[in-house]
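S.K.: Before I ask anything, here is the structure I am working with.
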Amino acid sequence: MSHLPAPTPLQLIREPSIAERGVELWLKRDDLTHPEIQGNKWRKLRYNLVEAREEGHDTLLTFGGVYSNHIAATAAAGRQFEFKTIGIIRGEPTDTPTETLLTAARNGMRILWMDRAQYRMKDDPDSIESLRVQLGRHYYIPEGGTNLLALPGVIEMVNEIKEDYDYICTASGTGGTLAGIVAGLYGRRKAIGFSVLKGQDTLTPTVAQLVSDYTEQQFDNWHITSDYHHGGYARVTPELIDFIRQFKRDQLVQLEPVYTGKLLYGLYDMIGKGDFPRGTKIIAVHTGGLQGLAGYREYFPAGSI
Ligand SMILES: *Cc1c(COP(=O)(O)O)cnc(C)c1O
């Protein structure tokens, strides 16, 4: 189940204002795993797919919003690795489906809708049981793909990096990716999660719990910053949009506004403020998610530079 290209490359960000600070910023190009099974969503799915196959499942069931990178990745992975897929989508069906859902359906995903009140309860045992009764036997993957089996795939990503560095940074939503990074570091170096959510009270304890469940250790070489959410999940500011456009012109790398744009914006800001001593070497993980750009076409017309 490893037919996707790895290791993904490291790319130096050539930016005078960063060089002036004596800092090196590298991008781990995990967006290059696959156009649809991209970045951290692939890393988090990988061992879930192995488990599903070992348990004899032929159907994956998971959850997400209408632009969800995880829904896109699960549908494409189901097609590639021959699982049926069911996507439970938050909210009400709309007249014009998003490109995410059209592509997921084209990849064979059965799309079902769940109203917001029910969706909030989707992880309760009663809800899980009732889906089993209605939809038959399936392998359950939580929203965002974050569970304990998400960690080993992310650890593999960390282990691909042979170069020396001081910090590794990721955008954080459900926290599974940061948990995998912290578990992979196993106390070495430092990790920073850049929360893309406005209220993130549960993010730090969630990451800590996943790490200790997986490693049976606790580590204190990581933290989460909430300074760069730009108004909250999927919200954007003009500064963020400008930054993503400029980054593409300067580095020829596409970011998106929900996750990786906020991560790089935050890192540029912190480096500019002198938060990192001279000589610090930082790796930012480009976790992919580029299919989600379709939701922001007004800001990023297809093919634009
Ligand atoms: C889902 C996602 C994240 C957040 O990962 P978590 O494991 O949920 O914290 C970061 N970047 C991209 C591109 C994503 O799609």
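S.K.: Search region 124-141 for residues that are in contact (Cβ under 8 Å) with a residue 60 or more places away in the chain and open to solvent by less than 30 Å² (accessible area, probe 1.4 Å) and pair each with any residue that is charged (D, E, K, R) and in a helix (DSSP H, G or I) when their beta-carbon atoms are under 8 Å apart and the residues are at least 6 apart or on different chains.
M.R.: Listed pairs, sorted by first residue: H138/R132; Y139/E51.
S.K.: Of the residues T177, T204, T170, only one is surrounded by fewer than 22 Cβ atoms within 10 Å (Cβ to Cβ) and of a type in the set (S, T, Y); which?
M.R.: The conditions single out T204.
S.K.: Right, here's the next one. Which of the residues that make up region 272-300 are surrounded by fewer than 10 Cβ atoms within 10 Å (Cβ to Cβ) and under 17 Å from I244 (Cβ atoms)?
M.R.: E298
S.K.: Which helices (runs of 4 or more DSSP H) sit wholly inside region 100-179 and have at least 1 residues that are of a type in the set (G, A, S) and within 14 Å of the ligand (Cβ to nearest atom)?
M.R.: In region 100-179, the matching helices (runs of 4 or more DSSP H) lie at 151-159.
S.K.: Tally time: how many residues in region 61-105 are aromatic (F, W, Y) and within 19 Å of the chain's Cα centre (by Cα)?
M.R.: Adding up the residues that qualify gives 2.
S.K.: Inside region 98-123, can you point out the residues that are out of contact with any Gly (no Cβ under 9 Å at 6 or more places or on another chain) and either open to solvent by 20 Å² or more (accessible area, probe 1.4 Å) or within 30 Å of L185 (Cα to Cα) (or both)?
M.R.: Hits for region 98-123 are L102, T103, R106, A117, Q118, R120, M121, D123.
S.K.: For residues that are in a helix (DSSP H, G or I) and within 9 Å of the ligand (Cβ to nearest atom), tally how many sit in region 180-193.
M.R.: Within region 180-193, residues that are in a helix (DSSP H, G or I) and within 9 Å of the ligand (Cβ to nearest atom) number 1.
S.K.: Still on this structure, I have one more. Under 27 Å from P142 (Cβ atoms) and modelled with pLDDT of 95 or more - does that describe any residue in region 15-23?
M.R.: So far as region 15-23 goes, no, none of its residues is under 27 Å from P142 (Cβ atoms) and modelled with pLDDT of 95 or more.
S.K.: Scan region 224-250 residue by residue and report those that are out of contact with any His (no Cβ under 9 Å at 6 or more places or on another chain) and either open to solvent by less than 20 Å² (accessible area, probe 1.4 Å) or within 15 Å of T177 (Cβ to Cβ) (or both).
M.R.: Listed by number, the residues that qualify are I224, T225, Y228, G232, I241, I244, F247.
The values are calculated or read from the model by the stated rules, or taken from the named source; none is laboratory data. Just so it is clear, the structure is predicted and the values come from calculations on it, not from any experiment. Cβ coordinates were reconstructed from backbone atoms using ideal geometry, including for glycine residues, and neighbour counts include every protein chain displayed. For accessibility, only protein heavy atoms count, side chains too; no ligands or nucleic acids. Shrake-Rupley method; radii C 1.70, N 1.55, O 1.52, S 1.80 Å.
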